[in-house]
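See structure below.
The values are calculated or read from the model by the stated rules, or taken from the named source; none is laboratory data. Worth saying up front: this structure is predicted, and the values here are computed from it rather than measured. Cβ placement follows ideal geometry from the backbone for every residue including glycine, while neighbour counts extend to all protein chains displayed. Surface areas here come from the heavy atoms of the whole protein model, side chains and all, with no ligands, DNA or RNA. Shrake-Rupley method; radii C 1.70, N 1.55, O 1.52, S 1.80 Å.
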Amino acid sequence: MTDFSSVKVKVAIVTGAADGLGKAIAQCYAENGMKVVVSDINADKGSKVAEEIRAAGGEAVFFKADVSKEDEVKGLVDFAVATYGRLDGLVNNAGIAAENRPTHEFSVAEFDKLMAIDLRGVFLGMKFAVEAILKTKSTGGFIINVASQAGILGNSSMATYVSAKHGVVGLTKSAALDYAPHNISVNAICPGTFRTSIWGQAPEEVVSQYAKLLSPNGRLGDPKEIGHLALFLASDLARYISGSAIVIDAGSHAGKVTPVQWAHPEILE
Ligand SMILES: NC(=O)c1ccc[n+]([C@@H]2O[C@H](COP(=O)([O-])OP(=O)(O)OC[C@H]3O[C@@H](n4cnc5c(N)ncnc54)[C@H](O)[C@@H]3O)[C@@H](O)[C@H]2O)c1
């Protein structure tokens, strides 16, 4: 029988877990018996996520850390080990988006800020978490870096975000080779368009218009679907997967959609 029970002994940190995809990953991990360190720069929302997980019978604690700050990321990893006595995995999920502009109109400060959070943050997380996972002697260690479809494809008006996310995929591939002999898998998840806070209070008809435009199956992704993929990658079922940038986008990166009239539409009736 195939089951996910290998995750039950594992301790993982999820960054940017106060909201969106990170929150869904932390919840999915805890529902499946993992011990989770919920981390975010937003202490109010992050603490609430950990409380909700505990109220639902799961195991989670909150630790505030800004992923762009070396001492805070080190503090986060030290806290996880001090709390649970081990570390098996890290999900480097925290990230910010940028305004859409042509490349030359980004300021240097905007470029530096985006890189500090979306790229350096991932490096810092791996640097300190890998050390702790190695010391734990985990037989099922894992790093999951949340990149983006923008880690695989270019995008006009998104030069800073696209270059940071391509960098995340590069870090993932190189680290996968460093740690393959040491029982640590390193993979990137590359989401298409998911329904998180970026959609804010946008009216339903606007969301559904964009969903049709951005996703071949006509709907935005549900953050829980990222949780399911992250759970699989954390489990021992996925030990032979490493160095991969796994796109999860209903096929939108696969190519162009050309509208066509079906000769026999009655097959759908
Ligand atoms: N939602 C999507 O459609 C989508 C698509 C592709 C990639 N992504 C990536 O997924 C990840 C999560 O995105 P989301 O949509 O859930 O975003 P979100 O804004 O809903 O959540 C991001 C979380 O990260 C936290 N955060 C921001 N800066 C931080 C910092 N410096 N240190 C620690 N925490 C910080 C925020 O407080 C927030 O809780 C990001 O890396 C994003 O680039 C999202």
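Pairs from the list Lys8/Lys69; Lys45/Lys165; Lys10/Lys212 with a Cα-Cα gap above 28 Å: Lys8/Lys69; Lys10/Lys212. Residues in the chain average 52 Å² of solvent-accessible surface per residue, probe 1.4 Å, ligands and nucleic acids excluded. If Lys and Arg each add +1 and Asp and Glu each add -1, what is the summed charge of the other residues whose beta carbon sits under 12 Å from the beta carbon of Leu214? After counting each charged neighbour, the total is +2. Where only DSSP H runs of four or more residues are counted, the chain gives -13000 deg cm²/dmol as its mean residue ellipticity at 222 nm, each run worth -39500 (n - 2.57).
Share of carbon and sulfur in the accessible area of the chain stands at 55%, probe radius 1.4 Å. Modelled label positions at Glu266 and Asp78, each set 7 Å beyond Cα in the direction of Cβ, lie 7.3 nm from each other. Comparing Asn93, Asn183, Asn217 in a Gaussian network model of the chain, where Cα atoms under 10 Å apart are tied by springs, the biggest mean-square fluctuation is seen for Asn217. In terms of packing, defined here as the mean over residues of other Cβ atoms within 10 angstrom, the peptides 128-140, 248-260 line up highest first as 128-140, 248-260.
The figure for Met34 is an accessible area of roughly 0 square angstrom, using a 1.4 Å probe on the protein chains alone.
Contact order for the range 5-268, expressed relative to its length and based on alpha carbon pairs under 8 Å spaced 6+ residues apart, stands at 19 percent. A straight line joining the Cα centroids of the range 165-220 and the range 69-128 runs 16 Å. Which whole-number percent gives the relative contact order of the range 18-133, counting Cα pairs below 8 Å spaced six or more residues apart? Relative contact order comes out at 24 percent. Counted as membrane-span-like here are DSSP H helices of the chain whose alpha-carbon atoms extend 20 Å or more along the helix's own axis and whose Kyte-Doolittle mean is 1.0 or above; these are 121-136. Quick check on my link table: of Lys64/Lys127; Lys48/Lys127; Lys35/Lys137, which ones sit more than 26 Å apart, alpha carbon to alpha carbon? The pairs that break the limit, which is 26 Å between Cα atoms, are Lys48/Lys127.
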